[in-house]
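Heads up: the structure comes next, in C-alpha cells.
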C-alpha cells in the first residue's frame, strides 16, 4: 500500500478535491473535475486522533419510529399511516433527521400517532398487561401509575426517567384517570405523553463532559446503547442491552462494548439494521412511488418497485450474513433473488411461484450485480425513458463519493429527439460531450450510463433502440468496458468504492457529515475495511469500537 | 382614499385607525397565547452554526386587533398561495392588452370566468443569482432571497411569504397557517431555514383533521369532547419535556426544539379553539367527505380530481375561519409528473420537448384549469354581498418562467380575489423593465395589512410595491 500523493486531501467522501473555496470558483468555469487516478488506501497503523463533531439531537426516522413502536408494543401493532416526512440531506435521511425541525403538521401527526398507539394499549387487555405491570386499586392509583411510568418509560425513552419526569407523567395518568373514572384512560393519556415527548421522538447523544478534556464529551452508557441498537438493528435497545447499560458495562471496557456489539450482530435483527442503511443509501424508499408510464414500459406496475427493492436488500443480506464475502461483490454478484414479476422482467425462470427465490445469472443474461438490478435501473431513469446521466451520477456520487455539480441554471439542457442520424441515446447525448459547458461534468456521468443502455427505464434488457444496435462500451477511469457486465467489475475494482462505503456508514451512524477533525479517522477505518477483505460486519465492528463512536465534540454555543 | 397613513415617526405606512406603539402588537419577546410571535421565527441555523436571518424588517402594526386585517364587510381577509412547479411558457402565457379588459392568453383561457377578478402581472424578474435550477427561483419568488446551501442541500434563508403573512393575520384561528399538497407533501412553505412546513396530500386525512370528529358547526349544542382537555394536559407535559431538554443542548438544537415547541403550542391552541363555541359564520358547515382514494389512471396521478377535493376542503375551512392563510401546492418544482396524454414527465418535457412545446403548453393550460377549479371553490362560498373569493388574496406563482432554461425573467404571477378591494382586480400589469417581482410581493403584503419596509435581501431587496396594483 502507498500513501496518498502529496497535496491530496481526503474529503469526507474519500475523494480528493481542490480546496473547497477554490472548487466553487472552478465550478463556474469547468464545473466538474474528478481525478481519475485511483485512490490509495493509507497504511492502517494506529488510529489517528479524532476530533468529533458537536453532538446533535437526532429525530427517529420513519423506519426507526415504526421499528421502535413494534419493539415496544409487538409486531402486530397498527402503525400510524403518516409521520413528519424524513428530510434527505447529503443522500441520507439520517443526516436530515439531525437538522430538520418538526413542522406544525408533523406535531399533529405525532399526536395522531401517539393516540393511535396508546389506544391499542388502553383498549386491548392483552397488550395492556405487557405495559402496565400492576393492578390498580383505584382510577387514580398513584403507586401503580408510578410503576407503569418507570418501567415503560425506561423502554420507551431508552433510559431511566428522572424523578421530575416521573412526577410529570404520573400527574397526567392519575389526574386523567381520576377525572375519567378509569385507570386505563389515565394510561392512555400517559402513553400519549410518552410517545409525543422529545425524549421518545429524538435520540440524545450529547454525553457528559470529559473530565480529562473539556473539548470532548463521552456518551453515557444509555446513549451508547441506543446509538448501537439503532445502528445495528434500526430499533431501540432490548432489555439485555438496557441491563448492560445500567451495569455500566458499555463504557467500562472495550470488551464490554464488544460483547454487546457481537451479540447484536449475531442476532437476526441485525438484518433489519443493514436493510435500513441500504434503503437510505440507495434511496430504495422511493421505489414505492415511482412514476413509470405503463404504456411505454409494459412491465411497470405499482408492485414492481417494492419487489425490486426486496431483491436488492436480499442481495445485500446475502453478502453480509448468509454468504459473507468481499462486500464489493455487490457490483458483480451473479446471485440474486427474484419473484415471478422480476423473473419475467429479467427473462429468467421464476424459482418460486409464490415469492422470492434465488437465481444465478450468467453472461447470457447480460446483467449482474447492483447495476443490473431493477431497483437501481428504475430509480435512475425517467418515467418514459432511460437516463445515462442519472445512472452515471449514481455511480459517481453514491458509489464513489465524487462530487458532480448540477447543470448551470440558465442553459438549455434539452436532448435532441431520436431520428435516423441519432437513433440511440449515445448519438443524442453527443452535445453533452461536445459543448465544453456540458462536457466537464457529463464526460464523467454519461459514459457510465451509456454502458447501461441495454436496460430500459424499468431494467428490461434490450439489444436495440429505434432499430439500431446499442453500443454499451466505454471507459471508467483507466478501465475499458465492453458492456454492463464488464462495467460492474470496473466499478467493483474502483479504489474509491471501499472508502466511499465507509464514509457513508460513518455518516449514517453518527448523523452528521464527516467533520475535518474526523477525516483521518474515517480513512483509517476504511483502511481496516480493505484489510479485512471488505467484510461488512468487520467494518461495523471497527466503527463501533472506534473512539469516534463513543464520543462527541463540545456543544455548539 | 388610501387605506394607509404614513406614520410621521417611523416613515412607514400603517393602516388607518391604528396608532403604533399603543394599540399595535409590535414584535415583543412575550409569548402570545398561540405561540406564534416568538422571536424564534427570526433566527435560524444552518449545519450547526447560528445565522442571523436577513429577514424583511417587519413593522407589524395591525397584529391581531379585532378590527385589523378585516374587510369593511366584517369578514376576515385571507391569503392563499397557490403554487405550481416547472413554470410556464411566456409565449403562450402573457395576455395581450393591458389594464382592464386585457385579452387572455392561450394558457389562461380556463380562467375566463374569473377575468374580472384576475390580475396578471407579467414581465417581472426574480433578482437572485440563478445558482440552483428551480430552487433559486423558488426562494427568489417566495422569500426574495437566495437559497441557503447548494443544489443538493438547500433550504430557504428566511420564512416564505405565507409564513410572513401568517405572523400578522394568522392568529386566533385553529391553524395559524395551513399547508396542502397534491402531487407532493414538500410544499414550499418554510418558517425559517431547515424548518419546512409539510403539506397534507391525502384528502381523506385532511377532511378528518378539519371536519372529523371534533368539528362542530356554528350553533351546535353538542358539548365539546372531554378528551380535548386530556389532550391539552398531555401537550402541557410534553412542552415541559421540551423545555427541560432544551437546556441540555447546543445552540442549533435549542432552536430546532424552539420550532418544535411552537408547533406544539399551536396544536394546543387548536384544541382550545375546539373547546370554545365555533364562530358564528353563516356559510360554515361540515364539508362533504372526499372520495376515499384516487387511484392512478394509466400510471397517471389524478391531479385535477385530488386538487378539486382539496380545494373544496380549503374553501370550507376558510369559510369556517379555521385558518386564514393557506399554502396549496399542486405540483412541486422539478416534478416529473405524468399528466394525462403526456408522453413524458413534466420536467423532462420542459427540457426535451422540441418545437413550440405543445405538451408543455397543454400542461400549463391543464394547471390553469385546476386553478380555475380552486377559484370556483372559493367563489362558491357566499360571504356578505359577495363571496369568499372576494375577501381573499390568492397569489398563484411558480419557481421559473421558461422551464427549459430555468429563466427568472417573465415570472408568472397571478392575483385573484383582491382581498376585498385591497388590490386592483381584473388588470394586466406589464413591466417593460424587468422590475423586481418582489415589488408585487410588497403590494400583496400591504394588501394584507402586513406593512413591510423592505422585502428580500441583496440585489432582490425592494421597498416599493407596484403602484398600478395597489387599490
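The values are calculated or read from the model by the stated rules, or taken from the named source; none is laboratory data. Fair warning: this is a prediction, and the values are worked out from it, not measured in the lab. Note that each Cβ is placed from the backbone with ideal geometry, even for glycine, and that neighbours are counted across all protein chains shown.
Brief remarks follow.
- Test: residue in the stretch A:428-446 that is part of a loop (DSSP other than H, G, I, E, B), more than 14 Å from every other protein chain (Cβ to nearest Cβ) and at pLDDT below 90: yes
- Residue match in the stretch B:401-416 (condition: modelled with pLDDT of 95 or more and at positive phi): yes
- Condition broken by residue B:160, with the remaining ones in (1) within 14 Å of chain A (Cβ to nearest Cβ); (2) over 20 Å from residue B:447 (Cβ atoms); (3) surrounded by 22 or more Cβ atoms within 10 Å (Cβ to Cβ) satisfied: (2)
- Residue check, residue A:290 in contact with a helix residue (DSSP H, G or I) (Cβ under 9 Å, 6 or more places away or on another chain) and at pLDDT 95 or above: no
- Among the candidates A:92, A:79, the residue that is within 12 Å of chain B (Cβ to nearest Cβ) and within 19 Å of residue A:233 (Cα to Cα) is uniquely A:92.
- For the residues A:556, A:471, the requirement of being away from chain B (no Cβ under 14 Å), surrounded by fewer than 22 Cβ atoms within 10 Å (Cβ to Cβ) and in a loop (DSSP other than H, G, I, E, B) singles out A:471.
- Hey, residue B:369 surrounded by fewer than 24 Cβ atoms within 10 Å (Cβ to Cβ) and modelled with pLDDT under 95 or not: no
- Take the conditions (1) at the interface with another protein chain (Cβ under 10 Å from one of its Cβ atoms); (2) under 28 Å from residue A:99 (Cα atoms); residue B:208 misses just one of them, which is (2).
- So residue A:384, is it surrounded by 21 or more Cβ atoms within 10 Å (Cβ to Cβ), facing chain B (nearest Cβ under 8 Å) and within 29 Å of the chain's Cα centre (by Cα): yes
- Hey, residue B:136 modelled with pLDDT of 90 or more and either touching a helix residue (DSSP H, G or I) at 6+ places or on another chain (Cβ under 7 Å) or closer than 27 Å to residue B:304 by Cβ (or both) or not: no
- Qualifying residue in the stretch B:302-314 (condition: within 14 Å of chain A (Cβ to nearest Cβ) and either without any contact (Cβ under 8 Å) to a residue 60 or more places away in the chain or assigned to a loop (DSSP other than H, G, I, E, B) (or both)): yes
- Qualifying residue in the stretch B:241-253 (condition: within 9 Å of another protein chain (Cβ to nearest Cβ), closer than 17 Å to residue B:194 by Cβ, in contact (Cβ under 8 Å) with a residue 40 or more places away in the chain and surrounded by 19 or more Cβ atoms within 10 Å (Cβ to Cβ)): yes
- Residues of the stretch B:220-232 include none that is assigned to a loop (DSSP other than H, G, I, E, B) and at the interface with chain A (Cβ under 7 Å from one of its Cβ atoms).
- Leading residue by the ranking (surrounded by the most Cβ atoms within 10 Å (Cβ to Cβ)) among those in the stretch A:182-226 that are more than 9 Å from chain B (Cβ to nearest Cβ), touching a helix residue (DSSP H, G or I) at 6+ places or on another chain (Cβ under 8 Å) and not in a helix (DSSP H, G or I): A:219
- Entry remark, the stretch A:111-146: residues being within 17 Å of residue B:237 (Cβ to Cβ) and within 31 Å of the chain's Cα centre (by Cα) number 6 in total.
- Some residue of the stretch A:49-69 being more than 30 Å from residue A:220 (Cβ to Cβ), modelled with pLDDT of 50 or more and in contact with a helix residue (DSSP H, G or I) (Cβ under 6 Å, 6 or more places away or on another chain): no
- Test: residue A:169 is in contact (Cβ under 8 Å) with a residue 24 or more places away in the chain, assigned to a helix (DSSP H, G or I), within 14 Å of chain B (Cβ to nearest Cβ) and in contact with a helix residue (DSSP H, G or I) (Cβ under 6 Å, 6 or more places away or on another chain): yes
- Checking A:99, A:176, A:137 one by one, the residue that is facing chain B (nearest Cβ under 10 Å) and assigned to a loop (DSSP other than H, G, I, E, B) is A:99 and no other.
- Any hit, the stretch B:330-337, residues being buried (at least 20 other Cβ atoms within 10 Å of the Cβ), more than 13 Å from every other protein chain (Cβ to nearest Cβ) and touching a residue at least 60 places away in the same chain (Cβ under 8 Å): yes
- In summary, residue B:349 fulfils each of the numbered conditions (1) more than 12 Å from every other protein chain (Cβ to nearest Cβ); (2) more than 30 Å from residue B:274 (Cβ to Cβ); (3) buried (at least 24 other Cβ atoms within 10 Å of the Cβ) with the single exception of condition (1).
- Residue count for the stretch B:203-223, restricted to those that are within 26 Å of the chain's Cα centre (by Cα) and free of Cβ contacts under 8 Å to residues at least 24 places away in the same chain: 4
- Scanning the stretch A:474-500 for residues that are closer than 21 Å to residue A:525 by Cβ and modelled with pLDDT under 95 gives a single hit, A:495.
- In the stretch A:109-121, the residues that are away from every other protein chain (no Cβ under 11 Å) and surrounded by fewer than 21 Cβ atoms within 10 Å (Cβ to Cβ) never reach a residue that is at pLDDT below 95 and part of a helix (DSSP H, G or I) with C-beta atoms less than 9 angstrom apart, at least six apart or across chains.
- Restricting B:338, B:367 to those that are in a helix (DSSP H, G or I) and over 30 Å from residue B:74 (Cα atoms) reduces the list to B:367.
- Filtering the stretch B:84-109 to residues that are in contact with a helix residue (DSSP H, G or I) (Cβ under 6 Å, 6 or more places away or on another chain) and assigned to a strand (DSSP E or B) leaves only B:88.
- Only one entry of B:290, B:279, B:295 meets the criterion of being free of Cβ contacts under 8 Å to residues at least 40 places away in the same chain and in a loop (DSSP other than H, G, I, E, B), and that entry is B:295.
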